[in-house]
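A.B. asks: Here it is, the structure in full.
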Amino acid sequence: QKTSICYLSFPDSYSGGLGDTQFSFRLRQSGGQRATHYEDDGEYNREAPLTLQREAAHYFGYVYFRQVKDSSMKRGYFQKSLVLVSRLPYVNLFQSLLQLIAPEYFDKLEPCLEAVCNEIDQWPPPVPGQTLNLPVMGVVIQVRIPSRVDKPGSSPVKQFNQENLLPAPLVLPSIHELDLFRCFQPVLIHIQMLWELMLLGEPIVVMAPSPTVSSEMVLALTSCLAPLKYCCDYRPYFTIHDSEFKEYTTRTQAPPNIVVGVTNPFFIKTLQHWPHILRVGELRMSGDLPKQVKVKKLNKLRTLDTKPGIYTSYKTFLHKDKTLIKRLLKGIQRKRPSEVQSALLRRHLLELTQSFIIPLEHYIASLMPLQRAITPWKNPPQIRPFRQEDFMKTLEHAGPQLTCVLKGDWLGLYRRFFKSPNFDGWYRQRHKEMTQKLEALHLEAICDANIVAWMKDKSEVEIVDLVLKLREKLVRARCQHLPVKEETLQRVALYIDTVIGSLPEDLQAVLRHP
């Protein structure tokens, strides 16, 4: 793992540019250590948006790389990277932190890092919904940690509590959101196609001139499905030294469901069998609509000096949204700030995703058993199975056309989506939440029941069985943090005591001290 981090911390193709650059990567954790667990993981992940959860099987790496001429060095250059490794996808926070630390570190080396680590050790853990003030090197970084209950698309800046901090804090408007307009500059007219490819979990290669462009484009692509979680693998920056290199370049099986960002021209040859390749140049903000890349056939990819473009034979299910391009163009003409253009773009993608997902949410909610079917002394009823054809029938009167003006083959898009890891991930998450809700409703039904009346005509075996089942339910509710009031759990515990108290003393002793 350390070797992989080292390789991922430097540009892997010739980089003549001097100065400082920043980029990020994502690394699969090696098998032996997967057990390391953060105590607050469960609590944080329950309250954080799905897209910002801590990952159990991957690390994120945030890199600050410096390359300057230095005749005292054997290679004639000073080349060094400072890397921050975390399980959290807080790209803005960690890159801002590196902008403060790295220049100091390159000058003062280890003692500087030691002092910084001591400060970071004192930071409070991230709690969704809270604004944190994080002191480091004489600066206070102020950030709000997003919460699952935030309204999608709401501006986090307005939610800050500006305390009288001196010096004035460095306020980050968002902990993770990129400047989408800048990232998607060369592909704005193809945003519809890219959104569909991401929704369907298609394998995509992003070929870029630098790790910065590569990692920003990949992170921008994975963020464009929010609030739906992108459930496939993604590598913002990937090198030929990576342990998964063979796995991704083999031609004996279909490419995996992954978005991979690369800079080494060697990948044009080794990944040319992938179905979708996005080749981009350097991102430069200009006062005009940046040159838009063209969609080209994959067989045009054979040359080494491949021109920017989207190399694919994919045909979109939905028609292009010309109003978005017109609004962005108008913004460019009026010299609208990039963050305003990004907000427009993000709002468009959010509405598109919501139009697609709302019919699915309505249908899955209809599979939940009625509350009156939940009785205290029987196991809770099962959630009805998701039948794709039944769902398709609901689209005629409650489909995306109610909230989205885009025309096209929505049915075809849903059918293809059902085969993707994103549908599987969404369905599993919803099914888990519904099962937990059923468990919680069942516990409440037990609390409202007359347990003494139920026990009257029951045998000891049945009563002992009830004690064991209730105790198991109570343990599960606490371990899984089910959405149950503490008062309900206390009442169930009291019930268990009441039931045990009605049994002969020898059984009481066994049940109280199992």
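A.B. asks: Measure up Lys269/Lys330; Lys80/Lys307; Lys246/Lys419; Lys378/Lys419; Lys246/Lys432; Lys69/Lys108 against 29 Å on the Cα-Cα distance and list the ones that go over.
C.D. replies: Lys269/Lys330; Lys80/Lys307; Lys378/Lys419; Lys246/Lys432
A.B. asks: For the chain, what is the mean residue ellipticity at 222 nm derived from helices alone (per DSSP H run of n ≥ 4: -39500 (n - 2.57); sum divided by total residues; nearest 500 deg cm²/dmol)?
C.D. replies: Result for the chain, helices only: -13000 deg cm²/dmol.
A.B. asks: Same structure again: Given the convex hull over the Cα atoms of the range 450-513, what projected area results after averaging over all orientations, in nm²?
C.D. replies: Dividing the Cα hull surface by four gives the mean projection, 4.5 nm².
A.B. asks: Express the relative contact order of the range 385-514 as a whole percentage, based on alpha carbon pairs under 8 Å and six or more residues apart in sequence.
C.D. replies: 23 percent
A.B. asks: Something else about it: In the range 219-322, how does Rg compare with the Kirkwood Rh, expressed as the Rg/Rh ratio over alpha carbon atoms?
C.D. replies: Taking Rh as the inverse mean 1/r over Cα pairs, Rg/Rh reads 0.96.
A.B. asks: Taking all protein chains in place and a 1.4 Å probe, what share, in percent, of the accessible surface of the range 179-425 do carbon and sulfur account for?
C.D. replies: Here it works out to 55 percent.
A.B. asks: Could you tell me the relative contact order of the chain? Use alpha-carbon pairs under 8 Å, at least six residues apart, and round to a whole percent.
C.D. replies: With pairs under 8 Å counted, the relative contact order is 12 percent.
A.B. asks: Nearest 10 degrees, 0 to 90: what angle lies between the long axis of helix 322-333 and the longest principal axis of the chain (Cα atoms)?
C.D. replies: For 322-333 against the chain, the angle is about 50 degrees.
A.B. asks: With a 1.4 Å probe and every protein chain left in place, tell me how much accessible area Asp390 has, in Å² to the nearest 10.
C.D. replies: The value for Asp390 is about 60 Å².
The values are calculated or read from the model by the stated rules, or taken from the named source; none is laboratory data. Predicted, not measured: the structure shown is a model, and the values here were computed from it. Calculation scope for accessible area: heavy atoms of the full protein, side chains included, ligands and nucleic acids excluded. Shrake-Rupley method; radii C 1.70, N 1.55, O 1.52, S 1.80 Å.
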